[in-house]
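The values are calculated or read from the model by the stated rules, or taken from the named source; none is laboratory data. Keep in mind that this is a model prediction, so the values were computed, not measured. When we count neighbours, we look across all protein chains shown, and the Cβ atoms used for this are built from the backbone with ideal geometry, even at glycine.
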């Protein structure tokens with residue numbers, strides 16, 4: 001590829017220093033890469049290649065949207081005892097267990113979720129990992145508000161909550177200031193799969209979904225457009241060029 005997508009750094013006008021926690025004022029291009037339903041391993045490999053390409057300036061910021069078959073993932077601070085069934089029993093339920101390189105403990109991914117993996121170069125946004133987490137939370141809080149739901153942060157736990165129940169889990173990795181992993185928003189999943197784990201290692205909280213709270217089926221398409229609009233606003237990006245994203249993917253995965 002001839003184009004190079006190096007981050008436009010917001011700098012102090014007098015010192016030239018890169019700020020921490022500031023957001024760039026000009027929207028940057030962000031590719032959208034919809035993968036459909038794919039195995040976790042395949043999406044993880046795509047993330048790794050996207051992080052390397054973003055760090056090298058070969059691609060712009062990219063938001064990967066995906067849905068996974070039933071899978072439980074444990075992050076770097078995960079505890080195996082928070083998975084309540086053995087692997088053989090989970091396999092009978094059509095689920096797998098995978099240890100991954102994001103932060104956090106155990107979570108569930110499956111049909112009925114919108115899973116988003118932002119591949120974002122944080123140099124443009126101030127090199128602040130905590131702010132990156134807060135931005136993801138803000139996207140989800142704004143999205144849920146459009147469905148009449150008052151979601152919130154919890155200072156003790158990363159993620160998005162409605163009352164005492166989690167509706168979106170968040171776990172990220174940052175390498176060379178490029179982010180990977182991200183969020184899982186419960187649109188209309190089978191919530192029974194959460195009963196086989198202690199989600200995120202939090203024993204005294206529950207898990208919920210948009211469909212459960214609204215009392216009706218909720219489709220992915222109904223939510224995705226709203227989420228993309230708020231992602232663009234919060235991360236100061238222009239989302240587009242999905243065709244270019246898939247051309248890149250076809251080139252690196254063949």
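Here are the numbers:
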| quantity | calculated |
| --- | --- |
| Matching entry among 107, 143 (being surrounded by 22 or more Cβ atoms within 10 Å (Cβ to Cβ), more than 27 Å from residue 45 (Cβ to Cβ) and either in contact with a helix residue (DSSP H, G or I) (Cβ under 8 Å, 6 or more places away or on another chain) or at pLDDT 95 or above (or both)) | 143 |
| Selection count where residues are part of a strand (DSSP E or B), surrounded by fewer than 21 Cβ atoms within 10 Å (Cβ to Cβ) and over 13 Å from the mean Cα position of the chain (by Cα), scope the stretch 171-185 | 1 |
| Check on residue 225, out of contact with any helix residue (DSSP H, G or I) (no Cβ under 7 Å at 6 or more places or on another chain), more than 23 Å from residue 40 (Cβ to Cβ) and at pLDDT below 95 | no |
| Residue ID - surrounded by the most Cβ atoms within 10 Å (Cβ to Cβ), chosen from residues in the stretch 37-69 that are touching a helix residue (DSSP H, G or I) at 6+ places or on another chain (Cβ under 6 Å) and outside any strand (DSSP E or B) | 59 |
| Residue pairs meeting the criteria (Cβ under 8 Å; at least 6 apart or on separate chains; first on the phi > 0 side of the Ramachandran plot and surrounded by fewer than 18 Cβ atoms within 10 Å (Cβ to Cβ), in the stretch 18-36; second in a strand (DSSP E or B) and modelled with pLDDT under 90) | none |
| Filter result for the condition that a residue is within 27 Å of residue 61 (Cβ to Cβ), surrounded by fewer than 22 Cβ atoms within 10 Å (Cβ to Cβ) and modelled with pLDDT of 95 or more, over 160, 129, 100 | 129 |
| The stretch 186-218: number of residues that are at pLDDT 95 or above, assigned to a loop (DSSP other than H, G, I, E, B) and loosely packed, with under 15 Cβ neighbours inside 10 Å | 4 |
| From 168, 245, residue being buried (at least 18 other Cβ atoms within 10 Å of the Cβ), modelled with pLDDT of 95 or more and closer than 23 Å to residue 97 by Cα | 168 |
| Subset of the stretch 115-126 that is in a helix (DSSP H, G or I) and crowded, with 21+ Cβ neighbours inside 10 Å - its residue that is nearest to the chain's Cα centre (by Cα) | 125 |
| Selection status of residue 65, at pLDDT 95 or above and farther than 29 Å from residue 192 by Cβ | no |
